[in-house]
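Everything on this sheet refers to the single structure shown next.
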Amino acid sequence: MNTSEFIVRRILLLIPVMIGVTVFTFAIAQIIPADPAAILCGERCGLVDPVTGKTMLELQRERLGLDEPVIEQFRLYLINLAEGDWGESTTYNRPTSDVVRDAAPVTLEMALFALLMAYPIGITLGILSAVWQDQVFDHISRFLAIAFVSLPIFWLAMMLQLVFGTGTDVGGICDPIFGTEGGCFPIYGRHDAALTYPDRSSSLCDTAITGIACYPSWYPSGGTGFHLVDSWFVTDEALDNINPEYASNYKLFDDTLVHLILPSFTLGIASAGSLLRYMRASLLEVMNEDYVRTARAKGLSESRVIIVHACRNALVPILTILGFSIGGAIGGAVLTESIFAFYGMGNVAVDAIINLDYSVLMGVTLITAIIFLMSNLIVDILYGVVDPRVRLE
Amino acid sequence: MSWEDGVEERGESLRRIRESAAQARYDFKRGWKIYRRSLLAVIGLLMVISISVVSIFADDLAVEHPGRNLQDTRDVWHIDYEPRKAAPFSDECDTRYQKVSLTTLRRWDANGTNALSPTRVADNNSFYEDILVVTEFIELQDRYGVTLGNDLVTLETSNKSYFWISEELMENNSLTQIKLIYKFENDAMHHWWLPDGYDVCIFGTNDEGQDLFSKILYGSRVSLTIGFTVATLTVIIGTIIGSISGYFGGRTDEVIMRITDIFFAVPGLILALAFVAALQAIDNFTLPLWFAFLLPLSGLCIYFRSTIFDSIMPGETSFPEANLPLRIIVVVSLVVLLALGGPWKDFFELADSSGWRIFASLIGLMIVGGIFILDRRLMDNISLDGVGSRTLNSLDWRNPYRYLTFRTLVIFIASIALFTWSGDGDNEVTVIDNFDRLWKIQIALVFTGWPGYARLIRGQVLYVKEMTFVEAARSVGAPSGRIMFRHILPNAWAPLLVAFTLDIGGTILSASGLSFIGLGAEPGAAEWGKLVSDGRAHFPQDYWLVLFPGLAIAYTTLGFNLLGDGLRDVVDPKNRR
């Protein structure tokens, strides 16, 4: 099987799963004990429309297609999804696709940054603990691997806030040790409270109001939502209009980065733990292979054998975990987001459940599934490219 | 045949039992030898044992504190006195803030009041208050917390539990309520395990004045229950589905694996969130009678078939093919009956929404279909000739396989018991009587957890299926069910045990996470995740409200994870001789 055939096959395999996910989200929305029509018309439900002679409730139900049979509703749902109409959020009074569009990059940025932090930690510790197998360091790092997975993520987040943040009578080791004011890292929000970040949600970038284009014309209007990337492309015009303290691309980037560190570290620690174990196991397996023995027999130095010959091969199976850890990080984001006040998909999902906003819940479930499947697809393809044996299956 | 004739068979079956017991003993010894090699694993075992002991003896270990109502068996703490927080090791546990209504005293023409504990509930649901013995009178305040002179109130010198209120206070009509702050003698707090004279709350108290240490002790019960229930249910469901998928392979396998793919496509926590939301309106979990009997009965049929079939007529594999058109007619009419004229209107009686009814009917169809798929191979060979004699034979003591049928008897008795002890005989079987929020997160976690086990077991079954002994069993004509239960599963349990242990820890984490979001335990409940989320309101200042419950979660999860890791070494084939 050649590469393109392999890729096409992988993509085709996704289609039934995607259909299954839509069936699933639809079923969940059917079970949720809320009538979206009643929520939308609110107090005016009982009013009678003079033209048609129907109540507002009936009109809303008709508009949303709720009076149709279930199968017909599902058909409509699929058609609307394909056309980009993900329904109307009853909580935010905005189209669900907009809500999800704003929330997804927040979570994704946090999750990707978390993995960026977790991978070096996990892989380094894993390699060291395989090299020093059954020595003290190995035992400590194996314990750490299990401990990292066992920590409740919401608790860890708050403890990190306590230790690295400020504004408390207790904890806060940064101020006394490093002489900082306001702790090492900010503990709430995506940006400093004094900063209006030029993105889709701020009125700064609404050209109709301010007449300023925040981003160059070739860039997506309002930015991609990934602030670590966006901050480098904000135009000078827009920079002039925000708080002078942050009026440079670097300052914006720095602000985003500093706010991301604690949430991402919290999120990444569990992935780092499992990575450590996998890396250790994978490297130990590779060390017994013939080619490692050959490399040693050639008289290469031990470090060269490990880094060049063993690690390169041990890293290949680690790739598969990448896809899963993105899913895990997005799931964990539900908890970290509420603590660090990030308005990503986790917070949106929790709000949706509390307010029984079924269309947002469907949207979030669907978009997480899409992200997860896509990342797994990319990982699969990469794996196929790196290790041609996989394609033979 | 007479009793004497069976001596040899009885001896044979006893010998088998003894042999397997000896084997089990040997396996355990060997496993322990490997297990204790790892210090971490031993520590993990100790952690798990300690937390289990704590949860069992929570009643005895918990400090009796005015804020905790020991009479209330549901472990609910009530709030009817002045809330206050105390830091860990602060000397505040024996301090009582008693509100006294002067208006009431004036009405009764009284000149003093007893030092009373908060209202408690007795066994017969009546309310009562304890009279406390005051050791030190601290302060007198008005209702706004303004300090009044301590000499306005005097403590009775003879019994130390009566406050005389001075004329000056009683005559000041602008005062309606006063607050007495005093320390009292609290012998109940001095437990054998506390050092002498140790009367501080070691984990502090929360804003309702409840001793955090006691709450955490009781929280261990909730967490362990959730962990075990969810892990057990997921193992059972996952094993059944996974072994079906692995053993039958082909299209069945394909369908089941695509379903697990869907579950894997959505992150577990978000899936659980969505499912909890869907369960919100349901407040008791009942099944119609016929349905409750359907499940154990179908299991019984399948089980009886494979066992009896194999033990009474070994080697007899050539049965007449069942009538194919007849089968199609049966299936089609069943589906039509269920879909059109079926009792879907009150199916489950769970929620009054059309969507739920349709979902429920889909589940019903899936279950029936699953049974059909499962039993298809068996049905191909079904023959009703001689069922009666075979049943009698299987109950015969002389039958060397009769200890297998003992288990079928247990299943049958269990299904009867389920009916007898559940509910009002109103055509319904209550499965979960009090379907509260904790149950909902448990169901949601089971719902999201089974695909992992299904894949694990499927892989194991695929691996074991190819081994020689399975082929041997198949070649002598053993039926599918018997091969699965007697040959494949016993050889695939090892990774299952490890996953089960690890899953208990994982479940405790997820459940506390859901509680933290506000979907799990009821407000005020002694659940660790809920305690953390309650403490969040006072977070940076009163850090102990978050620190200790979280440590409890981490401790328990770590214990189970270390235990699972140790077990992994034990069952690792590399460690077998």
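The values are calculated or read from the model by the stated rules, or taken from the named source; none is laboratory data. Being a predicted model, the structure only gives us computed values, none of them experimental. Neighbour counts run over all protein chains shown; Cβ positions are idealised from the backbone, glycine included.
So the values come out like this:
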| item | result |
| --- | --- |
| Pick from the stretch A:333-359, criterion away from chain B (no Cβ under 11 Å) and assigned to a helix (DSSP H, G or I), ranking: farthest from the chain's Cα centre (by Cα) | A:S359 |
| Leading residue by the ranking (nearest to A:L284 (Cα to Cα)) among those in the stretch A:129-144 that are part of a helix (DSSP H, G or I) and out of contact with any Ser or Thr (no Cβ under 7 Å at 6 or more places or on another chain) | A:A130 |
| Single residue of the stretch B:523-562 satisfying the filter (at the interface with another protein chain (Cβ under 10 Å from one of its Cβ atoms) and assigned to a loop (DSSP other than H, G, I, E, B)) that is surrounded by the most Cβ atoms within 10 Å (Cβ to Cβ) | B:Y543 |
| Helices (runs of 4 or more DSSP H) wholly inside the stretch A:1-69 containing at least 2 residues that are closer than 30 Å to B:T448 by Cα, of a type in the set (D, E, K, R) and modelled with pLDDT of 80 or more | A:3-31 |
| Which numbered condition A:G363 fails, given (1) within 30 Å of A:Q73 (Cα to Cα); (2) surrounded by 15 or more Cβ atoms within 10 Å (Cβ to Cβ); (3) facing chain B (nearest Cβ under 10 Å) | (3) |
| Residue identified as in contact with a Ser or Thr (Cβ under 7 Å, 6 or more places away or on another chain) and of a type in the set (D, E, K, R) among B:D261, B:D253 | B:D253 |
| Residue match in the stretch A:186-195 (condition: within 24 Å of the chain's Cα centre (by Cα) and either without any contact (Cβ under 8 Å) to a residue 24 or more places away in the chain or farther than 28 Å from B:H538 by Cβ (or both)) | yes |
| Positions within the stretch B:447-506 being hydroxyl-bearing (S, T, Y) and away from every other protein chain (no Cβ under 14 Å), in sequence order | B:Y453, B:Y463, B:T468, B:S475, B:S480 |
| Given (1) in a loop (DSSP other than H, G, I, E, B); (2) closer than 27 Å to B:D27 by Cβ, number of the condition B:Y463 does not satisfy | (1) |
| Answer from A:L283, A:L315 - the residue that is over 30 Å from A:L195 (Cα atoms), surrounded by fewer than 20 Cβ atoms within 10 Å (Cβ to Cβ) and either among the hydrophobic types (A, V, I, L, M, F, W, C) or within 21 Å of the chain's Cα centre (by Cα) (or both) | A:L315 |
| Subset of the stretch B:439-456 that is crowded, with 22+ Cβ neighbours inside 10 Å, more than 15 Å from B:T232 (Cβ to Cβ) and not small (G, A, S) - its residue that is farthest from the chain's Cα centre (by Cα) | B:P451 |
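Conditions (1) closer than 30 Å to A:G328 by Cβ; (2) charged (D, E, K, R); (3) surrounded by fewer than 16 Cβ atoms within 10 Å (Cβ to Cβ); (4) not assigned by TED's automatic domain parsing to the domain that holds A:G165, marked per residue:
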| residue | (1), (2), (3), (4) |
| --- | --- |
| A:S203 | no, no, yes, yes |
| A:D206 | no, yes, yes, yes |
| A:C214 | no, no, no, yes |
| A:W218 | no, no, yes, yes |
| A:S221 | no, no, yes, yes |
| A:D236 | no, yes, yes, yes |
| A:Y250 | no, no, yes, yes |
| A:L275 | yes, no, no, no |
| A:Y278 | yes, no, no, no |
